[in-house]
1. Please enumerate the residues belonging to region A:39-82 that are over 16 Å from A:LEU214 (Cβ atoms), within 14 Å of chain B (Cβ to nearest Cβ), of a type in the set (A, V, I, L, M) and in contact with a Ser or Thr (Cβ under 9 Å, 6 or more places away or on another chain).
2. Just to verify a result, which residue in region A:155-169, among those that are touching a residue at least 12 places away in the same chain (Cβ under 8 Å) and more than 10 Å from chain B (Cβ to nearest Cβ), is surrounded by the fewest Cβ atoms within 10 Å (Cβ to Cβ)?
3. Test B:ARG228 against the stated conditions and say whether it is closer than 29 Å to B:GLN281 by Cα, of a type in the set (Lys, Arg) and either within 14 Å of chain A (Cβ to nearest Cβ) or not in a helix (DSSP H, G or I) (or both).
4. Do the conditions hold for B:ASP178, that is, is it over 30 Å from A:LYS134 (Cβ atoms), in contact with a strand residue (DSSP E or B) (Cβ under 7 Å, 6 or more places away or on another chain), charged (D, E, K, R) and within 14 Å of another protein chain (Cβ to nearest Cβ)?
5. Kindly provide the set of residues from region B:46-87 that are acidic (Asp, Glu), surrounded by 18 or more Cβ atoms within 10 Å (Cβ to Cβ) and under 24 Å from B:LEU143 (Cα atoms), ordered by number.
6. Going through region B:48-58 one residue at a time, which ones are part of a strand (DSSP E or B) and over 20 Å from the mean Cα position of the chain (by Cα)?
7. Pick from region A:157-208 the residues that are polar (S, T, N, Q) and under 11 Å from the mean Cα position of the chain (by Cα): which of them is farthest from A:PRO227 (Cα to Cα)?
8. Suppose the filter is assigned by TED's automatic domain parsing to the domain that holds A:MET50, in a helix (DSSP H, G or I) and in contact (Cβ under 8 Å) with a residue 12 or more places away in the chain; does A:ARG152 pass it?
Amino acid sequence: MATVTFDHSTRVYPGTERPAVDQLNLHIEDGEFLVLVGPSGCGKSTSLRMLAGLEDVNGGHIFIGERDVTDVQPKDRDIAMVFQNYALYPHMSVADNMGFALKIAGTPKAEIRQRVEEAAKILDLTEYLDRKPKALSGGQRQRVAMGRAIVRQPQVFLMDEPLSNLDAKLRVQTRTQIASLQRRLGVTTVYVTHDQTEALTMGDRIAVLNAGILQQVGTPREMYDKPSNVFVAGFIGSPAMNIGHFTVTDGKVSVGAADIPLERSIADKITEADAGKITLGFRPEALDVVGSGTAGAFDVEVNLVEELGSDAFVYGSLKSKVGAGDLGAGDSNQVIVRIDPRNVPAKGETISVAIQAGQTHAFSASTGERLS
Amino acid sequence: MTTQNLQITAAAPDPALLDLPWEVPLEDWPAEVLAALPRGISRHVVRFVRMSGRVIAIKEIGESVAYREYELLRQLRRLDVPSVVPVGVITGRRSPDGEHLEAVLVTEHLQFSLPYRALFSQALRPDTATRLIDALAVLLVRLHLAGFYWGDVSLSNTLFRRDADRFSAYLVDAETGDLHRALSPKQRAYDLDLARTNIIGELMDLAAGELLDEETDEISIGDALVSRYSELWNALTFAEAFQADERWRVAARIDQLNNLGFDVGELEITTDIDGTSVRIQPKVVDAGHHSRRLLRLTGLDVQENQARRMLNDLDSFRAASDRQGDEEEFVAHDWLRLVFEPTISAVPRDLRRKLEPAQLFHEILDHRWFVSEQARRDVPMVEATHSYVENVLRHRPDEKAILGLAPGESPIEGEDELGGQGAGDELFG
C-alpha cells in the first residue's frame with residue numbers, strides 16, 4: 001500500500017513547445033481511487049504513463065510512497081497495469097489463468113495457490129477456480145483479468161481507459177465491479193478516462209486536466225457543486241452546464257427581463273480586464289419552468305426532448321433576449337433545461353424558464369476563474 | 001422500425017461490403033456467409049467472411065477504438081511494417097428493432113498465414129518454437145525502430161508466414177498500440193517484458209492442452225525472445241569506434257547489417273578533432289534488403305528469406321552458365337524465364353495454390369538437395385519438381401487460408417482433434 005505523489009512532474013515531447021503535462025502537483029492518498037479525466041490530448045494518459053515509467057519525466061519527480069521512482073524501470077515500480085492483457089487461455093484452469101505470471105516469476109506453488117484463492121474470494125470466482133474459462137460469462141472473464149493484477153499484490157493499480165473496448169452493457173457492469181472491488185481491496189488506484197460520467201461514478205476524487213494543466217482536484221460532489229473555473233464547469237456534468245457572458249451594470253446582471261444583483265464579494269472581484277463582463281453558468285436542473293410573463297423568466301423554443309425515464313431534458317433555442325449573446329451548453333448554442341418527465345412539452349413549443357435563486361455560478365470573464 | 005444509417009470508412013470501399021448482414025450481431029451471423037470462426041477465447045467477437053474472392057476478418061469493437069486501430073494499421077502500412085491490411089470501419093449499425101450494434105473493424109485476411117496454434121498442432125520440426133520466436137523478435141525490432149509501442153505483444157496477436165526455412169511474423173492486433181516519434185529504452189524494455197510474459201503464458205496454455213512437447217521449457221523460450229531481440233537491436237543500433245586507418249570497418253558494418261536482412265538508410269559518421277578515430281552508428285535501417293534486391297532484379301515480390309534463397313539460386317545459375325561478366329539484370333531475367341517460371345508451372349495447377357510460389361520454389365530446391373544426395377547424382381530441376389509434387393506436396397494441407405474452425409464446429413472441444421487444417425480445406429478445396 002502506498003501514496004502516489006506527482007511533484008512538479010513535467011513531460012515535454014521532443015519537437016514540441018507546449019508540455020504535454022505541465023508541472024503536475026498531485027498527492028494521492030493510500031488506498032484512494034483517483035480518476036484522471038479530461039478531453040483527448042489533455043495529458044491524462046501521459047500522466048499515467050509517467051507514473052508507470054512508460055514516459056520520460058523531463059522535470060520534477062514522481063514518488064510511490066517515500067520512494068522516488070522517477071528513474072526506476074517500469075517493472076521495478078511495483079505497479080500493475082490492470083486489463084493490459086485480458087486474453088484468457090482456453091486450456092488452463094481459471095486458477096492458472098490468474099496465477100501464471102507468479103509461476104513465471106518463480107513464486108512457490110503453495111503461495112501462488114494461496115494468493116489465487118484469496119483473490120478468487122474477493123472476485124466471487126472461488127467455485128470456478130478449477131474450471132476452464134469457457135465456463136465463464138463475459139463479466140466473470142473480466143474479473144479473471146482483474147485477478148491477474150490482484151495476485152501480484154502491487155502497491156498501485158493503473159487503469160488506462162479499461163472500459164473503452166467493451167460493449168455498452170459490459171461497460172456499465174464492469175464499471176461498478178471495478179469501483180466496489182477497489183474499495184474492498186483498498187489498493188491505491190489511478191484510473192484514466194475521457195468520460196466524466198465514469199469519473200463521477202467511480203472516483204473518490206477526480207482530477208480534471210486540460211491542455212497539460214491540472215484544473216481542479218476534488219470529490220465528485222465538489223467538482224459538480226463548486227467548479228473552480230469555466231473549463232471544469234463546462235466539462236463536469238451531463239448534460240452540460242449552460243454558460244454565457246453577461247454585462248454587469250451597477251453591480252447587477254440582466255438575465256432576460258430580470259436583474260440579478262451580484263453579491264458584493266463577487267462584484268468586488270471583477271477587474272478592469274473583465275471589461276464590465278462576467279461569465280455566469282447554471283445547470284439544467286437550476287432552471288424552473290414557469291408561467292409565461294413571470295418576472296425574470298426567458299423563453300426557450302423546444303428543439304428536442306431527451307427522455308431518460310427518471311428525468312427529461314429540453315434542448316432549446318433562446319427566444320428572448322437574456323443579455324448574453326453566447327449562452328449555451330457544451331459546444332452548442334442550445335440551452336438545456338431539466339423538466340418534469342411526466343409533463344413534457346412538444347417539439348416546437350415555447351416554454352418560459354427562470355433560474356432558481358442562488359443556483360448561479362460566477363466566473364471571471366477574463367481568466368475564467370471562479371468568483372463565488 | 002429504425003433503419004440503419006451505416007457509415008463506411010475505407011480507403012477503397014468494396015461495394016460487396018454492403019451485402020453483408022450488418023443489422024445482425026456478428027455473433028449470430030448465418031453460417032452461409034462465414035468462412036470460419038476464430039479459435040480460442042477472444043475478448044471480441046471475430047468472424048472470417050468470404051467477400052469478392054478473398055477472406056476478410058471482422059471484429060466487433062467500440063467505435064473510437066475501431067477508428068484508432070484502423071488509423072494505426074494504415075500508418076504501419078505506410079511505415080512498411082509487416083501487418084494486416086485494414087479494409088475499413090463500419091459504424092451506425094442497428095438491428096431491425098432499433099437496437100444499437102457495436103462498430104466493426106474490417107481487415108483483410110493475410111493469405112498463406114498460419115496462426116501459432118495451427119503450427120504447434122501440426123507435426124512440425126522440433127525447433128518450430130525457436131523459429132517463431134526469431135520471427136517475432138525481428139517483427140518487434142522493426143516495430144520499435146518505427147516508434148511503435150505494441151502494448152500486447154503475443155503469439156496470438158501475430159500471424160506467421162513460411163519464409164523459406166524460417167517464418168516471418170505479421171502484426172494482427174494493434175488495439176493497444178501507440179505510435180511515437182521514437183521509443184525510450186524504458187518503453188522498449190516494458191514491451192519486451194510483456195511479450196515474454198504473454199508468450200510463456202501462451203506456451204503454458206498449449207502445454208495444458210497437451211499440444212506442446214513435454215520436453216519444452218516454456219520459460220526458456222520466453223527468455224530466448226528477450227535475448228534474440230536484444231542481439232538484433234544491438235547489432236542494428238550500436239555505435240562503434242575505431243582508428244581512422246581501419247575504414248574498412250564501415251563497409252564491414254554495412255555488410256553485417258545486409259546479412260541480417262537490413263539496409264542502412266542513414267549512417268552517422270563522426271570523427272574526433274584530430275581525425276585519428278572514427279565513430280559510426282546506423283541511424284536509419286530498413287528491413288527487406290534481399291527482398292528489395294530480388295524485386296529490383298526480377299519483379300518478384302516475396303519475403304526476405306525466400307528472396308535470400310532465390311538470390312542464392314540466381315548466383316548458382318550465373319556460375320553454372322558462366323555469365324559472371326554479364327549484367328546482373330540480364331542474368332536475372334533469364335533465370336526467371338528458364339528456372340523459376342518453368343519450375344512453378346511444372347506443378348499441377350490444383351496443387352500449386354497450397355503454398356505461395358516462392359515457398360514452393362524454396363521447398364523444391366530443398367527437395368532437390370535431398371534427392372540428389374540420396375541418388376548420389378545431381379538431380380535436374382524437372383525431375384526434382386516431379387518427385388516433390390508426388391512425394392511431398394500432394395500430402396500437404398492447403399495453407400492458403402487456414403483460419404480457425406468451420407462454422408458449426410465447437411471452438412474449444414474440437415480443438416485438440418482438429419489439427420492444423422482449420423477450415424481452409426473444406427472451404428477452399
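1. A:LEU54, A:VAL82
2. A:GLN155
3. Values: closer than 29 Å to B:GLN281 by Cα: yes; of a type in the set (Lys, Arg): yes; either within 14 Å of chain A (Cβ to nearest Cβ) or not in a helix (DSSP H, G or I) (or both): no.
Against the criterion (closer than 29 Å to B:GLN281 by Cα, of a type in the set (Lys, Arg) and either within 14 Å of chain A (Cβ to nearest Cβ) or not in a helix (DSSP H, G or I) (or both)), B:ARG228 does not qualify.
4. Working: over 30 Å from A:LYS134 (Cβ atoms): yes; in contact with a strand residue (DSSP E or B) (Cβ under 7 Å, 6 or more places away or on another chain): yes; charged (D, E, K, R): yes; within 14 Å of another protein chain (Cβ to nearest Cβ): yes.
Against the criterion (over 30 Å from A:LYS134 (Cβ atoms), in contact with a strand residue (DSSP E or B) (Cβ under 7 Å, 6 or more places away or on another chain), charged (D, E, K, R) and within 14 Å of another protein chain (Cβ to nearest Cβ)), B:ASP178 qualifies.
5. B:GLU69, the sole residue that qualifies.
6. Within region B:48-58, the subset part of a strand (DSSP E or B) is B:48-51, B:54-58.
The answer is B:VAL49, B:ARG50, B:MET51.
7. Looking only at region A:157-208, we keep the residues that are polar (S, T, N, Q), and these are A:164-165, A:173-174, A:176-177, A:180, A:182, A:188-189, A:193, A:196-197, A:201.
Restricting the remaining residues to those that are under 11 Å from the mean Cα position of the chain (by Cα) gives A:193, A:196-197, A:201.
Working: A:THR193: 19, A:GLN196: 13, A:THR197: 15, A:THR201: 17 Å.
Ranking the candidates gives A:THR193 first.
8. On the way: assigned by TED's automatic domain parsing to the domain that holds A:MET50: yes; in a helix (DSSP H, G or I): no; in contact (Cβ under 8 Å) with a residue 12 or more places away in the chain: yes.
Spelling it out, it is not the case that A:ARG152 is assigned by TED's automatic domain parsing to the domain that holds A:MET50, in a helix (DSSP H, G or I) and in contact (Cβ under 8 Å) with a residue 12 or more places away in the chain.
The values are calculated or read from the model by the stated rules, or taken from the named source; none is laboratory data. Please read all numbers here as calculations on a predicted model, not as lab measurements. All Cβ positions, even for glycine, are placed from backbone atoms using ideal geometry, and neighbour counts span all protein chains on display.
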